[in-house]
Every structure is written in structure tokens, then in C-alpha cells.
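The values are calculated or read from the model by the stated rules, or taken from the named source; none is laboratory data. In this text the structure is predicted, and so the values were computed from the model without any measurement. Every residue, glycine among them, receives a Cβ derived from its backbone with ideal geometry; neighbour counts consider all protein chains shown.
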Amino acid sequence: MKSRVYLKRISDWTSVDEIKKGLLSLWQHMDTGDTFINKGDFAALKLTFGEEGSSGYIKAGWLSDLIESLRQKTENLFVIETNTLYREKRSNAVGHLKVAHLHGYDIQTLGIPIIIADGLKGRSSQNVSIRGDHLDSVKLAKAVSESDAIISLSHVTGHCQTGLAGTLKNLGMGCAARSGKLVQHSKTLPEITLEKCIGCGSCMEVCPVNAIGLKRKKAILVKERCIGCGECTVSCQSGAIEIKYDESIVKLQEKMVEYALGVKNIFKSKMACINFLYNITKNCDCMSKNEASLVPDIGIIGGMDPVALDKASLDLVGLDTFKKIFPEVDPLIQIRHAEKVKLGSSEYEVIEI
Ligand code: SF4
Ligand code: SF4
């Protein structure tokens, strides 16, 4: 049986009213079932606030009708997000909430709180068992694993490493704790650029396994001890430590999908997905810049199958659009692997509402 993908076209993206009503209408058509959110459930809206300087992210004002509707089901509704692996403002909860506020996301605007799911510095995680080709467990953000239901809200864009940034990325990368993001991104150790190191010792202090020392006022890495957690990259204010992202692009996409499978294993039928097909840019909202749209805006699509939703997004935008911008990255790799690990189906029917 084909998975259902519901499509609500939006004619005017400057009209907040049309978007929020369209989103609510889409939600009401989706096959969530009566028990998707029960009274008292901790229900998470998973999205990204965008990096400071970007504007393509999903706007807080678009969500008000949906939030109002969901709040009637549970008082424990919240927005959830995880810290970034790379060193920008959103790599810890304090900076992250500041950027969120700057982009209109706070309890005053939303009426519901924001939880940074992997804690102050991205260390709060929970292992979840899966059956993948690469992994038999994933390190998800603790507050994600403790939630009862999740609604993934993704802004669809291209991506230099995964070809497509949609639901699978929002769930797989976006619900992982920092250690889980590192597992997906790289199997290599951090590299220290001695010219940039000022010998402050911050990296030594945060390293959980004492894998960094100081020699002649420069940091040195004890490779045998390093577990690749990425903490040192965030603590270094001089930009002297970087993880080399040399994992093959195929493996990165496949591991990301297996992380999304971990999320699905937690929530099962209490996981729904919505993709915003507007301002579809070359790069994702983690870039601190604005980019021009590659294609005309389309609308909002939703469903219960994350694989069908991302495949439908690729088809609606046009696979060639994504392949043209990053010819070396095939976004279908994530779709094929997601089907292989039984995360969902790429066979779908579109129901326009
Ligand atoms: S990646 Fe983690 S374990 Fe390795 S040196 Fe950095 S802080 Fe230590
Ligand atoms: S935190 Fe950065 S600058 Fe400070 S000692 Fe470590 S590598 Fe050098």
C-alpha cells in the first residue's frame, strides 16, 4: 500500500494568515489517529531556528493555529531542538535560545516553552537500540527519548553532504546528541592547528577522557585516548580544533537515516512529519546567510511516513534541481537506505487538500 502524502499549496507566502490556516488544515487531514497525542503527553514540535543571519527557517508566527489545536490535547506541548556540532552560537543551550529569541521563538510568541533536548552543552544523551547496516544503537538527545510524541517540521533545502535536507535529516541529525552527530559525520579524530592555539587549556578541561595535554603552551592530542566526542571543538574559542568531515557521503547519509530509525523506534505511530516547500535554497538554514530560491515556492506537505515525505519533496521540487547544485551527492541514497532499514516507503500517493 502506498503511503499518503497530503499537500496544501500556499499561494502567498507573505500572508501569515494563509500559511497558519493552511498548516492547520494540513494537520487535520493527516492520518494521525485519535491517540496520537493523549492528555498529559509530552509532545514535541521538532524544528530548527536557523543560524543567526539566515532567514529561510520556519517562522514562529506560522505555527500559532497548529499549536493552539495541539494544546487542547495536552498541556505538555513544547518546541524541541538540539545543539549543533559545529562551533556557532547554537552549539550550547544559552547561545541557542538567544538565536531562537532573535528569530521570534520564545514562550511569549509561541505560548509554549522551548527545550534544548541535549542539554546545556550537548552532553545529555540516551542510547537507543536499532538494527541498521552501520549501527546497532544511536545516541539521541535525552529529552527526545523521553518525549511521548513528535511532530517533525522541516524546511526543505539542498545540502552539501546529504543532497537533501528534509524530514530524514531533521529526525536523524536533528534529534541526535552531539556525540551522535559526530558518529554520523566523521570517524576521524579532531585536528589541532598549532598556529591558532593560544594554550588556554579550555580543551583539556572539557575533554572527558584526558586526551589533550599542553606542551610548550600548545595543545596536543593523545589519539589513543580520544573517543571523538567533539567537546574540545566547541570549547576552543580560537578555532584551533576542528573535526575533519571525511566520512564518505554515502556513509553519512546512511548513518543519518539509521539515526532517524532510532527516533522512529521510540515514537512508532506517534511520529508525524511536515515539510515546508518554500524558499528552497542550495544550503540549509545552518548557513548564516540568505540565499535565493532555486525553484518557485510550492506549499506544505505532511504525512506519517518520513521516507514518502522526503521522496515526494524531491519529486515536487525536481530531483535534477538538487543534483545540479551538488552533482557529487545523490540525495536518493538516503531514500533507498531508509527503505532498506524499513523506516518507510518511497511509494506514495499525493492527496491535495
Ligand atoms: S574529541 Fe572528545 S575525547 Fe577527543 S580530544 Fe576532543 S574532547 Fe577529548
Ligand atoms: S582550547 Fe584551543 S586555544 Fe585553548 S589550548 Fe585548546 S586548542 Fe589551544
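Can we say Glu51 is assigned by TED's automatic domain parsing to the domain that holds Gly299, touching a residue at least 40 places away in the same chain (Cβ under 8 Å) and in a loop (DSSP other than H, G, I, E, B)?
yes
Within the group Ile80, Ile37, which residue is outside any loop (DSSP other than H, G, I, E, B) and either in contact (Cβ under 8 Å) with a residue 40 or more places away in the chain or at positive phi (or both)?
Matching residue, one of Ile80, Ile37: Ile80.
Does Ile266 qualify as being assigned to a strand (DSSP E or B) and under 17 Å from the mean Cα position of the chain (by Cα)?
No.
A quick yes/no check of all residues on (1) within 26 Å of Phe326 (Cα to Cα); (2) β-branched (Val, Ile, Thr):
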{"position": "Thr162", "(1), (2)": "yes, yes"}
{"position": "Ala165", "(1), (2)": "yes, no"}
{"position": "Leu168", "(1), (2)": "yes, no"}
{"position": "Lys181", "(1), (2)": "yes, no"}
{"position": "Leu189", "(1), (2)": "no, no"}
{"position": "Leu194", "(1), (2)": "no, no"}
{"position": "Cys203", "(1), (2)": "no, no"}
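Which of the following residues is within 26 Å of the chain's Cα centre (by Cα), not aliphatic (A, V, I, L, M) and not in a loop (DSSP other than H, G, I, E, B): Ser147, Ser152?
Ser152
Please verify whether Ala149 is surrounded by 16 or more Cβ atoms within 10 Å (Cβ to Cβ), more than 9 Å from ligand 2 (Cβ to nearest atom) and either of a type in the set (A, V, I, L, M) or touching a residue at least 12 places away in the same chain (Cβ under 8 Å) (or both), treating the condition exactly as stated.
Yes: the conditions hold for Ala149.
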